[in-house]
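Report on the following structure.
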Amino acid sequence: MPKPHRDTIFVEDANILECQQHPGDQVILRLLAPEIAARALPGQFAHIQCDPALPMRRPLSIMRADANNGWVDILFKVLGEGTRQLAKRKTGELLSVMGPIGKPFESHQKYSRPLLIGGGVGMPPMVFLAETLRKVKGAYQPFVIMGSEVPFPFRPQPSKLMLPGLPNEVIAAMPLLDDWGIASRLASQQGYPGCFDGYVTDLARTWLDALSEAQRGEVAVFACGPHPMLEAVAKLAQEDQLPCQVSLEEFMACAVGGCAGCVVEVQTETGPVMKRVCVDGPVFEAAAVFPSV
């Protein structure tokens with residue numbers, strides 16, 4: 001049987017349209033990559049050659065995709081030599097990019113109050129998912145929570161969208177989401193103005209507790225971020241018996257399923273199996289990856 005990811009991954013020489021430098025060694029690249037932009041879905045990623053001298057590519061989540069204009073946005077944080085070289089690239093240069101890769105998030109209109117939680121470099125898929133849900137007119141009322149212990153890669157602003165049950169002082173939001181009419185709030189333990197002082201899961205619990213039983217029945221959880229955060233999100237979802245999907249962050253070599261270097265244990269009906277994060281994920285059901293939290 002043909003593999004589901006065959007003939008769906010493209011290699012493009014993507015032109016760098018913009019390179020935005022942000023505090024905390026964070027960078028947003030806008031790449032002209034029409035084939036990838038036309039097919040990308042929330043939760044998928046691109047495998048990028050950071051520099052011609054570095055043979056290994058880096059897997060980076062797609063934050064936005066504009067099929068009509070052919071561009072994708074990539075947010076990353078400088079952590080090693082690859083991302084350090086990528087951050088030095090200039091507007092007008094070409095990058096070899098493979099994508100879109102991976103299993104995306106799956107939404108269902110039965111769950112009309114999706115809760116999107118992104119931590120650190122796990123924020124990009126939540127922006128992409130929020131924008132996609134927004135296009136289904138009137139079907140969803142997303143709430144996005146973002147957490148960071150370095151300055152956010154955007155200038156937070158007081159939200160124009162009020163949310164019952166949250167402390168009045170928790171008002172900082174992502175401007176782009178606010179402009180889209182999507183409620184968002186920010187969490188950090190760094191004392192940033194307007195941000196919730198605590199973990200993203202603490203803020204999520206505050207929001208969930210303010211909902212009626214009927215409203216909680218409309219909630220599905222989507223999350224991307226570091227492993228401890230995802231484990232805490234999975235526990236939160238299990239406590240309220242909420243469906244939950246998580247996007248895993250993992251080191252990768254080939255990113256197309258050949259090397260099996262990014263496998264994780266996943267629980268199935270027939271017992272535990274090893275799944276490749278690159279093509280079997282990166283999105284998994286939280287209960288399958290964190291069965292005992």
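No value in this document is a laboratory result; all are computed from the given coordinates. Everything numeric in this text was worked out from a predicted model, so none of it was measured. Cβ coordinates were reconstructed from backbone atoms using ideal geometry, including for glycine residues, and neighbour counts include every protein chain displayed.
From helices alone, the chain scores -5500 deg cm²/dmol at 222 nm; the rule is -39500 (n - 2.57) for each run of n ≥ 4 DSSP H residues, then divide by the residue total.
All other residues with a Cβ under 13 Å from the Cβ of MET98 taken together, and with Lys, Arg as +1 and Asp, Glu as -1, what is their net charge? Display every interim value, and only then the final one.
Values: positive: ARG39, ARG57, ARG58; negative: GLU12, ASP13, GLU35.
Every neighbour counted, the sum reads 0.
For LYS77, the lysines whose Cα comes closer than 21 Å to its Cα, not counting residues fewer than 8 places off in the same chain, are LYS88, LYS90. Listed by chain and number, the lysines placed with their C-alpha closer than 17 angstrom to that of LYS135 are LYS110; residues fewer than eight positions away on the same chain are left out.
For region 10-101, with the dipole built from +1 on Lys and Arg beta-carbon atoms and -1 on Asp and Glu ones, taken about the Cα centre, which of VAL97, LEU60, ILE36 lies farthest toward the positive end? Result: LEU60, furthest along the dipole toward the positive end.
Could you tally the net charge around GLY118, taking each other residue with its Cβ under 14 Å from the Cβ of GLY118, Lys/Arg +1 and Asp/Glu -1? Summing Lys/Arg as +1 and Asp/Glu as -1 gives 0.
Taking the Cβ of ALA253 as the centre, find all other residues whose Cβ is under 12 Å away and add up their charges (Lys, Arg: +1; Asp, Glu: -1).
With Lys, Arg at +1 and Asp, Glu at -1, the net is +2.
Once you have a ≥ b ≥ c as the square roots of the Cα gyration tensor eigenvalues for region 86-230, tell me rounded if a/c is under 1.5, and otherwise prolate or oblate according to whether a/b is larger than b/c. Note, shape of region 86-230 comes out oblate.
How much length, in nm to one decimal, is gained on full extension between LYS160 and MET274, taken as 0.36 nm per residue of separation minus their Cα-Cα distance? Please report the intermediate quantities before stating the final value.
Details: separation 114, 0.36 × 114 = 41.04 nm, distance 4.50 nm.
In short, 36.5 nm is gained.
Taking the number of Cβ atoms within 10 Å of each Cβ as an exposure proxy, the fewest-first ranking of THR268, THR206, THR201 is THR268, THR206, THR201. Across the chain the C-alpha pair distances fall into 5 Å bins from zero in the proportions 1, 6, 12, 17, 19, 17, 13, 9, 4, 1, 0, 0 percent. Can you give the relative contact order of region 191-281 as a percent, counting alpha carbon pairs under 8 Å and 6+ residues apart? In percent, rounded to a whole number, it is 19.
Taken about its Cα centre, the chain carries a charge dipole of roughly 480 debye when the Cβ of each Lys and Arg holds +1 and the Cβ of each Asp and Glu holds -1.
Looking only at trypsin sites (Lys or Arg not before Pro) in DSSP loops with at most 16 other Cβ atoms within 10 Å, what is the longest site-free stretch of the chain? Show your work: numbers first, answer last.
Values: sites that count: ARG6, LYS88, LYS90, LYS110, LYS135, LYS137, LYS160.
By the stated rule (loop sites, at most 16 other Cβ atoms within 10 Å), 161-293.
Counting only Cα atoms, the size of region 10-101 along its three principal axes is 31, 28, 25 Å, in decreasing order.
When the chain is treated as a Gaussian network with alpha carbon springs shorter than 10 Å, the biggest mean-square fluctuation among LEU54, LEU203, LEU166 belongs to LEU54.
Take every Cα pair under 8 Å whose residues are at least 6 apart in sequence, average their separation, divide by the length of region 10-101, and the relative contact order is 41 percent. Once each of the GluC sites (Glu not before Pro) sitting in a DSSP loop with at most 14 other beta-carbon atoms within 10 Å is removed, the chain keeps 170-268 as its longest stretch.
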